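Beneath this line is the structure, given in structure tokens, with notes to follow.
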Amino acid sequence: MRRMLLLAGVMVVALLARGQAQSRNLDIYWIDVEGGASTLIVAPSGESLLYDAGYGPPNAVNDRDAKRIAAAALAKMIPIGRYFDHGNAVEDVDRPRLDLYKQVAGSARTILKPGDSIPFKGVKSEVVSSEGKFIDKPINGGGPNPLCASAERKASAGPENNRNVAILFTFGRFTFLDLADSDWDSEMALTCPVNTLGTVTIWQADRHGNLFGAGAPALLGAIKPQVIIVNNGPHKGLGEVDTNVKSLTRPGYQETAPGYAYDKIAALRGVEGIWQGHLSLAAPEHNTARDQIANLEDTADCKGNWIKASVAPDGTFTVTNGRNGYSKKYTAR
């Protein structure tokens, strides 16, 4: 039986038990929950970490999200060994979920701070932000960022976005950056005036691909992602218009052009592939190739297909679409 680490909601991380059948690869699954994604990371040892478990009752429908997570983890029951989160500061609407989570986690709970490492055998897991605080020294080859000189600043998208736990995972030459729902303001804190993150192999797009309040050019130009995973929903993330986040340098200015988010990441130099959890119906003409989209429909019958990256110790990795089996191989730079 696997033991899981959980990082979810409050933003929690959970560690799952080690499986009997062990693989030499690092496997990452992006699972479709609440119109976006949980991220399940399975180390070569078989130990697993679940990054965001989605909503529980009453928001979840017939345990749909939990069942999708269990199916991807190949286990009917997943004992959770440790729980990780950013702390007790939440909005009032989230207080009942935090209270329930604390009851479940009990003494197995760990509150993370920037600079912490999550014990995850075979994979370096470095916390780069938590509870609105950020690492102040570069890791992963980071350093001064010349893009900051002309970088635009934006107001925070809201306190919960700044509180997220953000983690850089390293497996040999391969790096995976998950900034969760971090916003433009948080991205700037991590990359200006110093890029504390270095360059990354896979970047999971912040805020489900809603890059009106995230996706700062100073971040994207510094981390230089090779492959981008967008954990969006049919009406969430890509193509979504955010009229609440205003520019601090251009008062009153708002970015409202539909399709801007996908076009922005597609134009980045060095990007070799973009994969999406859902076809974005908010801007259907601005999506990646359909073979690289896990879910196309917006109905109650949506299967919630996953996207998977399987990373070998030599840095080669394959991304696979659970809907159609389409896959593409890459080599970490």
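Where a number appears in this text, it was derived from the coordinates with a stated rule and is not lab data. Note that the structure is a prediction, hence the values are computed from the model and not measured. Because the Cβ atoms are built from the backbone with ideal geometry, glycine has one as well, and the counts that use them run over all protein chains shown.
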Extension gain, Ser45 back to Thr299 (0.36 nm per residue minus Cα-Cα distance, nm): 87.7 nm
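Within the set of other residues whose C-beta is less than 13 Å from the C-beta of Asn321, count the net charge using Lys and Arg as +1 and Asp and Glu as -1.
Working: positive: Arg290, Lys303, Lys308, Arg323, Lys328; negative: Asp32, Asp291.
Summing Lys and Arg as +1 and Asp and Glu as -1 gives +3.
In what order do Cys148, Cys192 fall by count of nearby beta-carbon atoms within 10 Å, going from fewest to most? Could the numbers behind the result be given before it?
Numbers: Cys148 17, Cys192 20.
Lowest count first: Cys148, Cys192.
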Which order results if Val200, Val227 are arranged by neighbouring Cβ count within 10 Å, fewest first? Val227, Val200
By a straight-distance test (C-alpha under 29 Å), which lysines pair with Lys264 as possible cross-link partners, with residues fewer than eight away in the same chain excluded? Lys133, Lys137, Lys154, Lys224, Lys236, Lys246, Lys303, Lys308, Lys328, Lys329
